[in-house]
Each structure stands twice: as structure tokens, then as C-alpha cells.
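**Q** Once you've had a glance at the structure underneath, I'll fire off some questions.
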Amino acid sequence: MSVVIDCRGLACPEPVVRTNKALEQADEVTAIVDNEIARENVSRLAKSKGFGVEIESKDGLFYMHLKRESALAEEIPCQLVSCHVMIDG
């Protein structure tokens, strides 16, 4: 489930509080903030909860695309590679 929250005009810690609630309910959240302090605080929160953070800056706003890391890992195909280690001794 993807959620968009609009935190424009809100003073900290309100953008962090609202984003935290959204992160508890969704694997993908887009938070819209209008200042650098909120951008940094929301980014820090998301990373601490295991979310990847991509930020798009447009018209003085920051569109913060937050995606749970486990959801990101599921999208990337993995290949097992055999690796041999030789130790001289």
C-alpha cells in the first residue's frame, strides 16, 4: 500500500510524527515537506526504520519517496555466485 502525506506548512516535529504514523501502516510513503529541517528529520526517521529515501525537489518543495528496504530487495533479482577462498599457510 502506498500513502501520500502533505506536511507543507507544518512545524517540526509534526512532519516527523505524521510520517512515523504513515510508515507504520505502509511499505511506501511519499511525504511532501517545504523546508530543509523537516526534510532532514523525516529522512533520518525513515532510514532508522529501514526505509530507502529518494528526494525530489520541485518548486521549493521536497517530495520524499520512502520505501521499505525489504520491499526494495524483493524487486532486485539476485544471483548466487560461487566463491572460493584460498589461504596460504
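The values are calculated or read from the model by the stated rules, or taken from the named source; none is laboratory data. Here the structure is a predicted model, which means the values were calculated and not measured. No Cβ is skipped: glycine too gets one built from the backbone with ideal geometry, and neighbour counts run over all protein chains shown. Side chains are part of the model used for accessible areas, which takes the heavy atoms of the whole protein and leaves out ligands, DNA and RNA. Shrake-Rupley method; radii C 1.70, N 1.55, O 1.52, S 1.80 Å.
**Q** Are there any pairs, at least 6 apart or on different chains, whose C-beta atoms fall under 7 Å, with the first in region 39-55 and under 21 Å from Ala11 (Cβ atoms) and the second part of a loop (DSSP other than H, G, I, E, B) and open to solvent by 30 Å² or more (accessible area, probe 1.4 Å), and if so, which?
**A** Asn41/Cys12
**Q** Just for region 60-71: of the residues that are within 16 Å of Gln25 (Cα to Cα) and of a type outside the set (Lys, Arg), which one is surrounded by the fewest Cβ atoms within 10 Å (Cβ to Cβ)? Steps first, answer last, please.
**A** We begin by selecting, within region 60-71, every residue within 16 Å of Gln25 (Cα to Cα); these are 65-71.
Remaining after also requiring of a type outside the set (Lys, Arg): 65-66, 69-71.
Values: His65: 17, Leu66: 26, Glu69: 14, Ser70: 10, Ala71: 13.
Restricting to residues being within 16 Å of Gln25 (Cα to Cα) and of a type outside the set (Lys, Arg), the top hit is Ser70.
**Q** Counting only residues that are of a type in the set (Gly, Ala, Ser) and out of contact with any helix residue (DSSP H, G or I) (no Cβ under 6 Å at 6 or more places or on another chain), how many does region 44-61 have?
**A** Filtering region 44-61 for residues of a type in the set (Gly, Ala, Ser) gives 46, 48, 50, 52, 57, 60.
When the remaining residues are screened for being out of contact with any helix residue (DSSP H, G or I) (no Cβ under 6 Å at 6 or more places or on another chain), the result is 46, 48, 57, 60.
Total meeting the criteria: 4.
**Q** Something else: Could you look through region 6-59, keep only residues that are closer than 19 Å to Ser70 by Cα and polar (S, T, N, Q), and pick out the one that is most open to solvent (accessible area, probe 1.4 Å)?
**A** Gln25
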